[in-house]
Amino acid sequence: MGYASLITVNVEGNAAAVDEVQLCSDQGCSERLPDYGPAVPMKSVRPGLPSPTAPSPAAPSTPPAAFLATRTDAKTWTFSISQRGLPKHVTVRALAPNKTVLAEQENDLVWTRVGGSEQCGGPVTTPPITVKVGAK
């Protein structure tokens, strides 16, 4: 499968207080992708010199998160959906740095195909969700 189905969450109000937006369904909750920061220049290795070897990746001991979260900008979060199917209902939480819940709401989702075909499948989308965070 070479496509991604996404959910966008927009934070309205005091977005500066929000450290993370969490999305949950009956399939589980989101996991935030790490922010790797700016790219680091690669080093050249001369032929013939030993080079470090990376350990082989271990098999995951836990299933992948239902959603992978990416902070797009100060007020927008994007969630890619795992291969477990499309949820019909989600709970959105805006969390402070100490994990205090600043806002929480439930949303029903309506999915629309935006590419591919009925026969072969393809990416789908749902209208953006807006979560309102009050001043603290």
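The values are calculated or read from the model by the stated rules, or taken from the named source; none is laboratory data. Not measured: the values here are computed from a predicted model. Don't worry about glycine lacking a Cβ; one is built from the backbone with ideal geometry, like all the others, and counts go over all protein chains shown.
Data for the structure
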quantity: Checklist (1) at pLDDT below 65; (2) hydroxyl-bearing (Ser, Thr, Tyr); (3) touching a Gly at 6+ places or on another chain (Cβ under 8 Å) applied to Tyr3, failing item; calculated: (1)
quantity: Residue that is polar (S, T, N, Q), surrounded by 17 or more Cβ atoms within 10 Å (Cβ to Cβ) and within 25 Å of Pro34 (Cα to Cα), where the choices are Thr126, Thr130, Thr100, Thr91; calculated: Thr126
